[in-house]
Amino acid sequence: AISDFNEKRLDFAEKWGADLLLHPEKEDINDSIQEWTEGMGANVVMDAVGLPKTFEQSVTIASAAGRVVLLGFHPEPSPISQVAITKKELTICGSRLQTYRFPKVIELFNTLSFDVKELVSHEFELKDAAEAFKVMENDPENVRKVMIKID
């Protein structure tokens, strides 16, 4: 399942095999996850946004003994009560993707049967790296991954 405000991202996720597409402005995420999981909640919830609201929602929709992985970050603290975490026996961890796993990921991309080029929405030459960063900062709605080519 994926939740996003961006219809293009939802369409892309569906093309890549997402079973459940949720738009937060069009449906209640908590109700949808509970219905889809028959009241169990999600075993793993990944919060790539990092707002206090999305962290709290992650804890709410996680199943008992589930895991919440925080990828996004925001300086504002969350007022979430520990009882919500303890009652469900949740595991909560953060990740900045610095686990030295890139060789394994590259190996998987080379052996799986999908075209990872679809993940790249923009390509730039090294001389245009500053423009690549501007695109990422100024047009996040239309960016999946930006590739800077080094010849």
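The values are calculated or read from the model by the stated rules, or taken from the named source; none is laboratory data. Keep in mind it's a predicted model, so treat the numbers as computed, not measured. All Cβ positions, glycine included, derive from the backbone under ideal geometry; neighbour counts span all protein chains shown. With ligands, DNA and RNA removed, areas are computed over all heavy atoms of the protein, side chains included. Shrake-Rupley method; radii C 1.70, N 1.55, O 1.52, S 1.80 Å.
Taking Asp28, Asp19, Asp115 as the candidate residues, the one with maximal mean-square fluctuation in a Gaussian network model of the chain, Cα springs under 10 Å, is Asp115.
Of the three principal axes defined by the Cα atoms of segment 1-73, the extents in descending order read 31, 30, 21 Å. Listed by chain and number, the aspartates and glutamates whose alpha-carbon sits under 20 Å from that of Lys88, ignoring those within fewer than 8 places in the same chain, are Asp31, Glu35, Glu38, Asp47, Glu56.
Would you work out the charge dipole size for the chain about its Cα centre, treating the Cβ of every Lys and Arg as +1 and the Cβ of every Asp and Glu as -1, and quote it to the nearest 20 debye?
On the way: 17 positive and 26 negative charges, 136 e Å.
Value, rounded to 20: 660 debye.
If you line up the long axis of helix 129-138 against the longest principal axis of the chain, both from Cα atoms, how many degrees apart are they, to the nearest 10? Compared with the principal axis, the helix lies near 30 degrees. Highest mobility in the GNM of the chain, judged by mean-square fluctuation with C-alpha springs under 10 Å and restricted to Ser58, Ser95, Ser113, is found for Ser113.
Can you compute the helix-only [θ] at 222 nm over the chain? Use -39500 (n - 2.57) per DSSP H run of at least 4 residues, normalise by all residues, nearest 500 deg cm²/dmol.
Values: 6 runs with 54 residues, N = 151.
It lands at -10000 deg cm²/dmol.
For the chain, the alpha carbon convex hull comes to 151 Å³ per residue, rounded to a whole number.
The solvent-accessible area of Ser32, taken with every protein chain present and a 1.4 Å probe, is close to 20 Å².
Exceeding 27 Å between C-alpha atoms, which entries from my cross-link table qualify? They are Lys8/Lys53; Lys53/Lys117; Lys8/Lys134; Lys15/Lys145; Lys104/Lys149. Spell out each step's value before the answer.
On the way: Lys8/Lys53 23 Å; Lys53/Lys117 33 Å; Lys8/Lys134 20 Å; Lys15/Lys145 16 Å; Lys104/Lys149 21 Å.
Cα-Cα > 27 Å for Lys53/Lys117; rest within.
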